[in-house]
1. Which one of these does Asp352 not meet: (1) modelled with pLDDT of 90 or more; (2) more than 17 Å from Ser317 (Cβ to Cβ); (3) outside any loop (DSSP other than H, G, I, E, B); (4) among the charged types (D, E, K, R)?
2. Is it true that Glu454 is touching a Gly at 6+ places or on another chain (Cβ under 7 Å), of a type in the set (Asp, Glu), farther than 24 Å from Ser570 by Cα and in the same structural domain as Leu400 (by TED's automatic domain parsing)?
3. Can you say whether Gly152 is of a type in the set (Gly, Ala, Ser), assigned by TED's automatic domain parsing to the domain that holds Gly240, within 29 Å of Gln208 (Cβ to Cβ) and buried (at least 17 other Cβ atoms within 10 Å of the Cβ), as far as the supplied structure shows?
4. Name the pairs whose Cβ atoms lie under 7 Å apart, with the first residue in segment 601-623 and in contact (Cβ under 8 Å) with a residue 60 or more places away in the chain, the second buried (at least 23 other Cβ atoms within 10 Å of the Cβ) and basic (Lys, Arg), and 6 or more positions between them or separate chains?
5. Of the residues Leu545, Leu530, Leu516, which is assigned by TED's automatic domain parsing to the domain that holds Gln631, surrounded by 18 or more Cβ atoms within 10 Å (Cβ to Cβ) and over 30 Å from Ser705 (Cα atoms)?
6. Could you say whether any residue in segment 426-435 is within 18 Å of Arg324 (Cα to Cα), in contact (Cβ under 8 Å) with a residue 60 or more places away in the chain, in the same structural domain as Thr335 (by TED's automatic domain parsing) and part of a helix (DSSP H, G or I)?
7. Identify all residues within segment 38-59 that are of a type in the set (Phe, Trp, Tyr) and under 55 Å from the mean Cα position of the chain (by Cα); write none if there are none.
8. Read through the list (1) farther than 30 Å from Glu538 by Cα; (2) part of a loop (DSSP other than H, G, I, E, B); (3) modelled with pLDDT under 90, then give the number of the only condition that Lys302 fails.
Amino acid sequence: MRIRKIAAILCLIAALSCFFMPVRASADEDGKNALTVGVPVDRCPVFYQDSATGEITGIGVDLMRAAAENAGYEVSFVRIREATLKEALDNEAYDVVMPFGSAVPSASGKTSIVTENLFQTPFTLVTKGNGNLPQLNDFHFHVGMLHSLAGGAETVKQLYPGMEITLYETMSECVKALRTGEVDALLHNSYVWSYVLQKPAYSDLKVQPGAMFSMDFRAGAQDTPKGQEIIERLNDGIAGLTDTRRQAITLDYTSRKLYQYGFSDFIYQYGLIALLVVLLIVVVAALAVMKNREIRSAHEEKIRQLVDQDPLTGVLSLDGFRKRAEELLRTHPDTPYLLVYANIKNFKFINDSLGMASGDELLRFWARQTLPTLSDEEAIGRVTADRFVVLRRNGGDEALRRDDQEVLGPVRNYFTDRGRENRVLLCGGIYVVTPADHQQINIDHMMDCARMAEKKVRSTRNEGYEFYNPEQWEKDKQVADIINHLPAAIKSGGLHVWYQPQVNYETKKITGAEALCRWDHHELGFLYPLDFITVLEESGLIYDLDCYVWDRVCQDLHRWNEQGCRRCVSVNVSRCDIREDRDIPGQFSRLIQKYNLSPDQLRIEITETAFAENPELLISNTVKMRELGFQVEMDDFGSGYSSLHMLKEVPIDRIKLDLHFLTSSGDQEKSRTIVGCMIQMVDMLGMKLIAEGVETPEQAEFLHSRGCQEMQGYYFYKPMPVEEFEKTIRTDAAEGIQ
């Protein structure tokens with residue numbers, strides 16, 4: 001009975017001893033207890049993760065493994081996920097956490113205990129370049145450390161109370177802070193610096209050996225019975241480590257080349273060389289592409305020449321001429337052109353009598369004589385055999401005479417100049433390209449027309465040329481004469497400003513005048529506006545003429561002011577004058593300042609159709625002119641497609657009513673009703689009114705009966721030269737109109 005009681009007590013004691021045992025219950029097959037150690041892995045070569053095996057290794061790992069094995073533990077290392085070692089102390093998944101320099105409270109405030117020192121860790125300051133390092137106890141000394149070293153930072157603060165420490169998440173942030181001057185130096189253990197400073201981008205950082213101090217390297221755990229037991233056993237294991245073993249482990253890792261160069265390191269170290277290599281490759285590739293394009297272009301050009309170029313003479317083939325002529329007409333729609341079709345009437349006789357070689361040389365000579373006379377905007381092609389076609393700018397009779405002298409004359413005399421009696425007979429037909437041809441380009445049609453004219457010459461006489469459409473030729477000649485002689489006419493005084501008086505019907509007195517232009521052309525004779533205004537508008541030269549007229553009118557107004565006869569004159573502004581790049585209001589303002597005039601003496605006439613074509617630009621210019629004090633008139637109102645909406649939108653001072661309704665065919669009674677309503681409408685809109693084109697007393701009386709007082713037209717006065725106008729003014733002032 002007593003034996004049974006003793007056995008029961010022993011079993012109870014054994015059970016209680018197992019229940020209260022402070023170490024882990026798990027054990028390996030050899031009876032060793034398992035120990036889990038939490039470590040950081042960003043401190044190579046002290047702690048890091050092997051890239052090949054994925055295992056955690058390093059100086060600290062090997063030292064702790066040796067100590068743990070001495071203490072009877074089977075140790076495993078895991079990466080701590082917490083931001084700091086102090087936070088890791090609160091995680092029960094780790095039996096111990098390392099490294100610590102001394103015992104520090106956990107993040108939650110729990111006390112900790114640490115092992116004996118595994119080895120002395122040298123801590124070193126790193127600065128930028130060769131900057132002077134302050135004393136470690138300097139009150140203003142500012143150091144940067146990794147946030148994962150927060151526990152070690154507390155130990156450093158205990159050693160150097162005057163040191164200010166800022167924690168950063170990554171090493172790159174630490175280095176950036178150092179470079180920007182946020183901190184004076186960076187602090188880490190020397191073993192880590194030996195690894196980190198292998199990075200080429202950190203070549204400007206320098207270790208300060210004079211600022212080195214040592215810290216203990218310990219493992220820590222919470223101060224609990226379990227923690228105390230583990231720490232006590234580990235201390236036994238640490239005591240069993242020899243200095244030789246510690247040094248061997250340290251030397252093994254510090255002598256390894258652990259830093260692995262990445263792409264960014266390569267770029268930093270060899271960036272310039274790499275850039276030069278890349279540039280070289282790009283240049284070589286670009287040259288290869290360009291060479292390939294050049295070869296392809298040359299090949300395409302060779303094919304094009306075979307198709308578009310005549311192999312005998314070097315001029316364009318028929319297909320090549322078609323394409324080039326169409327391109328020129330399309331890109332130069334305002335350029336007058338001639339299409340000339342020519343051939344040698346006696347070419348067969350030349351071939352038969354002198355040989356085909358002589359005929360070929362004659363054709364080559366014709367091409368050589370022609371090509372230098374052509375501009376880039378002209379073209380020549382060989383149709384077939386002895387037939388050539390030329391697209392030539394229309395330069396008038398003078399250009400034709402020059403071509404006859406420089407090209408056709410030498411061709412006619414090609415054989416006679418070489419001692420033979422054969423004179424070359426040339427026949428040509430000329431088609432004058434019309435504006436309609438520019439719109440609907442048909443080169444074959446133009447060639448057919450020129451060929452018909454050439455055929456007429458060939459069948460009626462030995463040589464010469466004929467126009468297919470002579471009326472267009474005469475018209476184009478006149479256009480060319482007008483365009484070419486305008487600058488000379490402005491300089492020589494060939495342009496004259498005439499005035500047509502404007503009259504108050506009730507008082508019969510002259511109230512103003514409209515400035516008109518006449519051209520005394522030295523070849524075409526006396527020209528009226530209808531003869532040249534449209535031509536100048538289409539050629540873009542109307543602005544030159546208008547500027548001349550505006551200036552002459554201001555000169556006359558200034559002279560009349562000096563004579564004590566103050567007048568108002570209306571001047572015309574063409575729709576082509578108003579452009580974005582021209583300041584028409586400013587130009588008129590400068591003119592009245594130049595000639596000491598008041599703005600109300602110059603009335604600006606703009607046609608009704610101009611407002612309809614570009615209302616926004618015209619309205620903005622009109623507003624500016626009225627702001628400057630000028631009166632703006634809408635000219636030819638009622639002659640085009642009138643828009644009542646324009647009357648509402650456009651700021652106009654006076655309407656010039658065109659009497660088209662009273663002079664054209666149709667129901668005259670309806671016309672008179674429309675004119676009467678227009679007069680009433682203008683009056684109700686608060687605008688002034690003047691009727692132009694009044695030719696009969698019946699028209700004048702009708703307008704007066706409907707409320708129109710100011711009039712202009714042949715019934716009162718025709719346009720007259722300035723001298724006659726001045727005489728009329730003096731007579732009007734003295735007598736009035738009877």
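The values are calculated or read from the model by the stated rules, or taken from the named source; none is laboratory data. Predicted model, so just to flag it, every value in this text is computed and none were measured. As a convention, Cβ positions derive from the backbone with ideal geometry for all residues, glycine included, and neighbour counts pool all protein chains shown.
1. Among (1) modelled with pLDDT of 90 or more; (2) more than 17 Å from Ser317 (Cβ to Cβ); (3) outside any loop (DSSP other than H, G, I, E, B); (4) among the charged types (D, E, K, R), Asp352 violates only (1).
2. Taking the combined requirement at face value, the residue satisfies it.
3. Against the criterion (of a type in the set (Gly, Ala, Ser), assigned by TED's automatic domain parsing to the domain that holds Gly240, within 29 Å of Gln208 (Cβ to Cβ) and buried (at least 17 other Cβ atoms within 10 Å of the Cβ)), Gly152 does not qualify.
4. Filtered contacts from segment 601-623: Glu605/Lys656.
5. Only one candidate qualifies: Leu545.
6. No, every residue in segment 426-435 fails to be within 18 Å of Arg324 (Cα to Cα), in contact (Cβ under 8 Å) with a residue 60 or more places away in the chain, in the same structural domain as Thr335 (by TED's automatic domain parsing) and part of a helix (DSSP H, G or I).
7. Listed by number, the list holds a single entry, Tyr48.
8. (2)
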